[in-house]
1. Count, please, the residues in region 207-224 that happen to be open to solvent by 20 Å² or more (accessible area, probe 1.4 Å) and under 19 Å from the mean Cα position of the chain (by Cα).
2. Check region 313-322 and report whether any residue there is within 24 Å of H129 (Cα to Cα), in contact (Cβ under 8 Å) with a residue 40 or more places away in the chain, assigned by the TED database to the domain that holds A22 and open to solvent by 20 Å² or more (accessible area, probe 1.4 Å).
3. Hey, among L106, L114, which residue is in contact with an Asp or Glu (Cβ under 8 Å, 6 or more places away or on another chain), under 26 Å from A30 (Cα atoms) and open to solvent by less than 20 Å² (accessible area, probe 1.4 Å)?
4. Got at least one residue in region 164-172 being under 30 Å from G54 (Cβ atoms), among the β-branched types (V, I, T) and touching a residue at least 40 places away in the same chain (Cβ under 8 Å)?
5. In this structure, is Y34 open to solvent by 60 Å² or more (accessible area, probe 1.4 Å) and at pLDDT 95 or above?
6. For the list (1) closer than 25 Å to H79 by Cα; (2) at pLDDT 95 or above; (3) not aromatic (F, W, Y), I need the number of the one condition that G144 fails.
7. Residues of region 35-80 being under 15 Å from L302 (Cβ atoms) and among the aliphatic types (A, V, I, L, M), which ones?
Amino acid sequence: MDDRSTLILPSDVVDEAMPMDALPDALEDAFAAYARGDANMPPKSYIDLPQYNGDFRSMPAYLDVTDWDAAGIKWVNVHPDNPDDHDLPTVMGTVIYSDPETAYPLAIMDGTVLTNKRTGAAAGVATDHLAAEDASSLGLIGAGNQAHTQLEAISQIRDIEEVVVSDVDAEAVQAFVDAYDDGFAVRGGTVGEAAHCDILSTVTPVESPIVSPEDVGDHTHINAMGADAEGKHELADDLLLNAKLVIDDYEQCTHSGEINVPWSAGVLDDAHLYGELGDVVTGEIAGRTAEDGVTVFDSTGLAIQDIVAAHVVYEHARDHDIGTDFDLMGV
C-alpha cells in the first residue's frame, strides 16, 4: 500500500479490524491520555434538525498515547425514525483519520460499527474499575444494537453468567435472547429485574427516568449510556444523588449526559460528582472500594474514543492489507 493513499474502510472491514477484546485496553489508554492532558478534544457540537427528528454531531480530537499519536473527526447523526421510516440505522457515522504531522487523511472509515463497539468498550473500562470483582450478572435496559456491544464488551471484563434484558419491544427482546442464549443464561425481564443485576447498562433514548432507586441492587454498577443529548434522562434523580457518580467529561455530561436534566434544574452540582473516569484509570482517584454501594458511570461518548478506535482499525488494516487504497488528494 502507498503511504500517500487514503484507505477506504467500509463497515465490514471496520468490524473485522476491531475485535472487541482489543478495545477496552485501547479505550483505557485514551481516557488516561485525556486525564494527563495529552489530548485535545473540543466540545462536541450539534446541529439540531427537529423537522427530521434528528441531529448531527461533530466530534474532533487529537491524542498522544506515548508510542503513537493520532487526530481525526467523526461526523455522526442520531435519527430515531430511521429504522421504521427509511430502513436505516438510528446512528450512522463517518470517521476521517489523519496524520497529525502532515494532516494527510490516512483513512476514511465507517463510524457506525466503530461507534457501537467503542461505546461498549467504554462501558467495559468503567465496569472494570467500578463494578464488584465477583459481578456475574448483567442487566440491559434497551435491546437495540448498543445492547449487543454492551454484553460483548462487559463479558470481556467480568465473568458474566446471567443476562436480563428489558425493552418495551418484545420482539427485540426475543431477538436478543435468541442471539446469545448459547453463551449465557439470558432472558427477558422487567426493568427491576434487569436493574437488580450486579451490572446494569441503560441504552435507551428516553427523556423521563425509567430506573428508580428501588429497582437497583445494593451494590449494582450502572453504565448510563443512553443520554447523549440535552433532555435525555434514564435514571431517577434520587438514584443519581445517592450513587458514586463518575463521568466521562465534565462539559459534555453537564450539557448532554445522564446528569444534564437534574444539573440544569439545580438538583445536582459539583459536590455530587466523584470524578472523571480518566482520573480513575490513572489512579488519581480510587475506583470501587469496599464501602461503595451503587456506582454510576455517565457516558456521553468522547471523540478521543473514536480516534483511538480508528487507530486500532487503521493499524490492523495496514498490517493485514485490507481495505481499498484511494488517491484522495492526488499528491
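The values are calculated or read from the model by the stated rules, or taken from the named source; none is laboratory data. In this text the structure is predicted, and so the values were computed from the model without any measurement. Positions of Cβ are backbone-derived with ideal geometry, glycine not excepted, and every protein chain shown enters the neighbour counts. Accessible surface is based on the protein model in full, side chains and every heavy atom, while ligands, DNA and RNA are left aside. Shrake-Rupley method; radii C 1.70, N 1.55, O 1.52, S 1.80 Å.
1. Final tally of qualifying residues: 1.
2. For region 313-322, residues within 24 Å of H129 (Cα to Cα), in contact (Cβ under 8 Å) with a residue 40 or more places away in the chain, assigned by the TED database to the domain that holds A22 and open to solvent by 20 Å² or more (accessible area, probe 1.4 Å): absent.
3. The unique qualifying residue is L114.
4. The answer is no, given that none of the residues of region 164-172 is under 30 Å from G54 (Cβ atoms), among the β-branched types (V, I, T) and touching a residue at least 40 places away in the same chain (Cβ under 8 Å).
5. So Y34 fails the test.
6. (2)
7. Answer for region 35-80, where residues must be under 15 Å from L302 (Cβ atoms) and among the aliphatic types (A, V, I, L, M): A35, A39, M41, M59, A61, L63, V65, A70, A71, I73, V76.
Yes or no, residue by residue, for (1) in the same structural domain as E315 (by the TED database); (2) out of contact with any Gly (no Cβ under 9 Å at 6 or more places or on another chain); (3) loosely packed, with under 12 Cβ neighbours inside 10 Å:
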| residue | (1), (2), (3) |
| --- | --- |
| I47 | yes, yes, yes |
| Y52 | yes, yes, no |
| D67 | yes, yes, yes |
| W75 | yes, no, no |
| D84 | yes, yes, yes |
